[in-house]
Amino acid sequence: MKDLLRTADLSRADVDLLLDTAADFAKSPLRATDTLAHRTVAIYMTKPSTRTRLASETAVAHLGGTPMFLRGDDLQIGRGESIADTARVISGFASALVIRTFKQSDVDELGQYATIPVLNGLTDDDHPTQLLADWVTIREVFGSDIAGRKFTYVGDGNNMAHAWLTMGAILGAHVVAATPSGKWAPDSAAVATAQAIAATTGGKVEVTHDPEAAAKDASVIYTDVWMSMGDPETERQEKLKALSPFAVTDNLMSLTAKDGIFMHCLPAHRGEEVEASVIDGDRSVIWREAYHRRTTIQACLYHLVRGDLQGRL
Ligand code: CP
Ligand code: NVA
């Protein structure tokens, strides 16, 4: 597998490898500094980023390389140069490309025309590197034996909901997404993909519109912002109203398993999708999760440039 474009592209073996390597990079960040020595990695983002940008630039430095950060209209692509030509040119300079943008199809096209590895740093549909950070964190808390545990996402049926269901399915987990019905439910194609994967791994993928039922006995409650980057401002009021029953409150957390934890990819809006007492409380693992954005992106770049990932067959 040349690129990591979609969460669903990863096999169970790939995920295990990436999570193990990330755990190693947590212990010894500088154990592979020759990987990108004297080489560059392009990081191109047409949406804002705090964690993914900082993590990617730091990961490249830890692998011995130099990050080249390119924002939105820095490139001629903003003036109509094609994705294919841009991909070919970047391939002549950089050893890998991290891309954050709107359309998944643009990322797929970059992967098609680039001869270097392309790593998806978030699209409207998916966020694979975030899920790797989430699962290293989950394994640190619960270990690798997740039989009998339930992993629940509560909130908007967005890129994070899709990635949550897909990664859980790859790992054979019981994953749940509790979202509004209709416009803000997860895309049916993404749910179908996750369910098809779960059918081969022993996982279980559920979508519900009942946050209390989803939270009951869960080991993880995960949430994300209600207004994602690129969401139309004209829909804000309607969307926040539809999502208000899905706020993660102390009351919702009281339904989880005794050892249940709270997770959030961040950025967070306290008082909107999550109460401050939950996200800043004892059961929240958000800072460890954010820390692992670096270890997991470092693992992705390390294995992608070495050509170690097999992909899902
Ligand atoms: N979680 C995450 O991707 O954060 P940023 O948008 O700050 O990169
Ligand atoms: N769903 C959010 C995730 C941010 C990391 C967004 O796309 O803006």
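The relative contact order of the chain comes to 23 percent, based on Cα pairs under 8 Å that sit 6 or more residues apart.
Between rounded, prolate and oblate, where does region 143-260 land on the alpha carbon gyration tensor, with a ≥ b ≥ c its root eigenvalues, rounded for a/c under 1.5, else prolate if a/b exceeds b/c? Oblate, because a/c is 1.5 or more while a/b does not exceed b/c. Maximal additional length on extending the Ala84-Thr201 stretch stands at 38.6 nm, based on 0.36 nm per residue less the C-alpha distance. Taking the longest Cα principal axis of the chain as reference, the axis of helix 12-27 is set at about 80 degrees.
What shape does region 1-72 have by the C-alpha gyration tensor, where a ≥ b ≥ c are the square roots of the eigenvalues, rounded means a/c under 1.5, and otherwise prolate means a/b greater than b/c and oblate the rest? Judged from the Cα gyration tensor, region 1-72 comes out oblate (a/c at least 1.5, b/c at or above a/b). Here region 63-152 is assigned +1 on the Cβ of each Lys and Arg and -1 on the Cβ of each Asp and Glu. Its dipole about the Cα centre then comes out at about 220 debye.
Only helices enter the 222 nm calculation for the chain: every DSSP H run of n ≥ 4 contributes -39,500 (n - 2.57), and dividing by all residues gives -12500 deg cm²/dmol, rounded to 500.
Which of rounded, prolate or oblate describes the chain when judged by the alpha-carbon gyration tensor and an a/c cut-off of 1.5? Verdict is prolate for the chain. Got a sec? Charge dipole of region 1-157, +1 on Cβ for Lys and Arg, -1 for Asp and Glu; which of Leu30, Leu17, Met1 is way out at the positive end? Of Leu30, Leu17, Met1, it is Leu30. The count of lysine pairs in region 172-313 that are at least 8 places apart or cross chains, and whose C-alpha atoms lie under 18 Å apart, stands at 4.
Loop-located chymotrypsin sites (Phe, Trp or Tyr not before Pro) in region 61-166 (DSSP state not H, G, I, E or B) with no more than 14 neighbouring Cβ atoms inside 10 Å: Phe93. A quarter of the convex hull surface defined by the alpha-carbon atoms of region 76-214 gives 9.9 nm² as the mean projection. The distance separating the Cα centre of region 5-22 from that of region 229-297 comes to 24 Å.
Every number in this text was worked out from the coordinates using simple rules, so none of it is lab data. Computed from a predicted structure; not experimentally measured. Because the Cβ atoms are built from the backbone with ideal geometry, glycine has one as well, and the counts that use them run over all protein chains shown.
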